[in-house]
Structures are given as structure tokens and as C-alpha cells.
Amino acid sequence: MHQTADAAIGMNLLHANQEGASHNQAHFDAWGVTCFNVMSSPGAGKTVLLEKTLAQLRSEIAIAVIEGDMTTELDADRLRQYDVPVIAINTGRACHLDARMVAGGIHRLATDYDPTQFDLVLVENVGNLVCPAEFEVGEHAKVALLSVTEGEDKPLKYPVMFQEADCLLITKTDLVPYLEIDVHRIISHVRQLNPSAAIIPVSARTGEGLETWFNWVKASLRGRA
Ligand SMILES: Nc1nc2c(ncn2[C@@H]2O[C@H](COP(=O)(O)OP(=O)(O)O)[C@@H](O)[C@H]2O)c(=O)[nH]1
Ligand SMILES: [Mg+2]
Ligand SMILES: [Zn+2]
Ligand SMILES: [Zn+2]
């Protein structure tokens, strides 16, 4: 009933963002491109996962990356070594990518390349477990990462991210022996919120689970099945 002014402004922002997300998705659909929005806290392993993914799949799937960071092109430069188009977006003080920023990225992609040549656009979002889950950018699937060093309780404390995820990667499983953490408890917390997401424990260090992730990526490409 009663909405504070702040809540009303928040709803308007999300509504305007949703229109932008539909605009971006219409581009992706017209080009036959699938888009994943890759999200996590800072340091959970998004860029390393993208590096492994590009190394393994770029010969099979035409991939481009949209790389969001507050400042710097450090991550973008890491990914450029894989010879795929990487569009860097600096968000300045903003703590998430929004649809308008990503529109700028995909318009640049479409100016510099023939966008219909791509199968997949991977968007690496700004490190943050909160608002990236609410600001859609036109993605067809949300991929969330939670590293084992972050604690079993994080799905319960940041529920929106884990409710919205289509795929959850539990990362850095190589570190489990050094921690007081039970991966099964993480999984059961996620399942309370989200009965259907794919949940894949992975280690970029040992390679555990990466094959399952690569298969999820390939199976989730639209128009390929
Ligand atoms: N032990 C271990 N460290 C990892 C793994 N994946 C990433 N890291 C490390 O975690 C740190 C953050 O990784 P990064 O990909 O930059 O995270 P991002 O901020 O989510 O993009 C780096 O020091 C990585 O080497 C993993 O599977 N195992
Ligand atoms: Mg990164
Ligand atoms: Zn934010
Ligand atoms: Zn447009």
C-alpha cells in the first residue's frame, strides 16, 4: 500500500531497466546470439572461469565478451589474450551493469563486427552479490558463482541472486580441505530457494566440474539444442 519515495524511485529504475533489457534481448534474438550474465562477489572466480571457457570452447562456439568493471580494463585485457572480441565497460561508481550500459557494449560489438557471426555473448558483471541479480541486461540465462571461501550461509543472506540463477557454480572446490565448509550444505541452502537451477561444483585449479560446465554452456545455446 504505502510506498516510500525511495521505494517508488527504485521501482521506476527497475522498470526503465527492464525496457532496456528487452531492447538488448531483441538484438540478441535477431542476431541468433545467446547471452549469459555472469555474476558473483568480487574474487569468486568469474574471470578465471571465462578464461577456461574461452580456451576450451572458442574453437567450437563463436564467443564475444562484455566485461564490466568499475574502473580498469585488467579483466578485459586478460580475456583479450584468447583472441575473442572483448568490449570493456567501465561503470564508474556504479555497483552493477545496467541494460543501458550493456546496450552501449552490444551496439559497439555490432559496429565493429558482424554480430550474426556470434553464438554466445558472455557478460561479466561487476563483483557484487546484490543488485546485479535485479538489473537484467537482456541475458537469456543468469550464471552465478559462489566460492567455497565465502561461507555456507551466503545463499540465505543474499537470496535474490540464488533465486534468479539458472546455473550456480560453486567455485574453488580445491580449497575445501583447508576450510570448515560442507558443499552439500551450500547446495541444500540453494535448493531451498531454487529447485531448478543447475548446480555445478568446479575448480579452475584442478579442472573438477569444468566438463559439466562446458556441457551446460553448449546445451543452453538457443537454436542449437
Ligand atoms: N584455488 C583456487 N583459486 C581460484 C580458482 N578460481 C579463481 N581463483 C583465484 O581467485 C582469485 C579471483 O579470481 P577472478 O577470476 O579474478 O575473480 P572475479 O573477481 O570473480 O573475476 C584469483 O586469484 C584466482 O586465481 C580456483 O578454482 N581455485
Ligand atoms: Mg573478474
Ligand atoms: Zn548496484
Ligand atoms: Zn539497439
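No lab work stands behind these numbers, since they all come straight from the coordinates. Note that the coordinates shown come from a computational prediction; the quantities given were computed from them, not determined experimentally. Methodologically, a virtual Cβ is constructed for each residue, glycine included, from the backbone with ideal geometry; neighbour enumeration extends over all protein chains shown.
Structural remarks
- Restricting segment 94-126 to residues that are out of contact with any strand residue (DSSP E or B) (no Cβ under 6 Å at 6 or more places or on another chain) and small (Gly, Ala, Ser), the residue that is surrounded by the most Cβ atoms within 10 Å (Cβ to Cβ): Ala99
- Among the residues listed as Ala144, Ala94, Ala88, the single one being assigned to a loop (DSSP other than H, G, I, E, B) and small (Gly, Ala, Ser): Ala94
- Single residue of segment 44-60 satisfying the filter (part of a helix (DSSP H, G or I) and out of contact with any strand residue (DSSP E or B) (no Cβ under 8 Å at 6 or more places or on another chain)) that is nearest to ligand 4 (Cβ to nearest atom): Glu51
- Scanning segment 90-117 for residues being among the β-branched types (Val, Ile, Thr) and away from ligand 3 (no atom under 14 Å from the Cβ) gives a total of 3.
- Gln192 fulfils the conditions (1) under 22 Å from Ala55 (Cβ atoms); (2) free of Cβ contacts under 8 Å to residues at least 40 places away in the same chain; (3) touching a helix residue (DSSP H, G or I) at 6+ places or on another chain (Cβ under 9 Å) except for a single criterion, (1).
- Test for Val121: is it of a type in the set (Val, Ile, Thr), touching a His at 6+ places or on another chain (Cβ under 7 Å) and on the phi < 0 side of the Ramachandran plot: no
- For Met101, the conditions (1) touching a residue at least 60 places away in the same chain (Cβ under 8 Å); (2) part of a helix (DSSP H, G or I) are fulfilled apart from (1).
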